[in-house]
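No lab work stands behind these numbers, since they all come straight from the coordinates. This is a predicted model, so every value here is computed, not measured. With ideal geometry, Cβ positions are generated from the backbone for all residues, glycine too; neighbour counts draw on all protein chains shown.
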Amino acid sequence: MFHELNNILSSTPETCEQGISILLCDKQTDGGFLVHHFLSFYLKGGCKVCFLGLLQSFNHYTLVAQKLGINLPAAREKGQLVFLEGLRSSLDVLLGDEQDSLLQKSSPLQFLSSPSATLQPLYQFICAAVLETSETTRTWKFPVLIIDDLSVLLSLGVTTENILNFMHYCTATLCSKMKGNIVVLVRDTEDLEDEENNSVVKSLSYHSHLILQTEGLATGYCKDIHGQLKITWRTLAPVKAEKNITKIFQYKIQDKNVAFFARGTSSAVL
């Protein structure tokens, strides 16, 4: 968890807002550090987290989390974290033989054997992960779904329609019904011909309360400035008097932290 980012967002693990959808979007750079921030943020806040790790292994997230003071294996063992390792699960589905047919049918990623199929198994997995069985086991604040990253499903052949339907049901269930939060990372390729990816980015942007968009520097690589972060707070309620608020910062990724500063104020450009 990066405290400077918390200050920018005016949020702490103890006072975080509920019922919101957060979109993480990166252009020509890696915005993965934002995923690690929100994972540690909500675990420290005592939330029940369902994490769909579609891009990296559990070991990768564990190593980064250790630098941020979070023990992911311990969180998973005590039931606070439910982690779906997409890399391993997808291989089981795609490369499994007939003897593994029962395993494939029970997998949350069983739709990969037929990309035109719906993402209902994955949605059901999420619901089972965040729902409490009784009032006596309700030990967590509220449920949080984190997806890293949604673009992987497009590359695996899942249709845009199925992805957007999946996100609609997740948002309706977690944000509206359960007053939980959703954090999803998606890549912005900036390719005008990539209509499917553009449709996903635009739709998620339209329905998100908070958008954090990382971009590479227009001037190219710089050892003291790694990129630019554009933060947009959106008003989804039908209150026309309120406008979206956008702030832009530059950042430098350090070993255990990320430093943020207003554009043009880094020592590298002074």
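Tabulated data for the structure shown
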item	result
Violating pairs (Cα-Cα greater than 23 angstrom) within the set LYS179/LYS256; LYS141/LYS256; LYS179/LYS252; LYS27/LYS177; LYS48/LYS202; LYS27/LYS252	LYS179/LYS256; LYS141/LYS256; LYS179/LYS252; LYS27/LYS177; LYS48/LYS202
Highest average packing first - 254-261, 44-51, Cβ atoms within 10 Å	44-51, 254-261
Ranked packing of 155-163, 35-43, most packed first, by mean Cβ within 10 Å	35-43, 155-163
Separation of the LEU156 and LYS177 label points, Cα + 7 Å toward Cβ, nm	2.3 nm
Segments 197-203, 146-152 sorted - mean Cβ within 10 Å per residue, highest first	146-152, 197-203
Mean separation of Cα contacts under 8 Å, 6 or more apart, over the residue count of segment 13-210: relative contact order %	33 percent
Amide H contacts under 5 Å for THR235, placed H, 5+ residues apart	ASN244
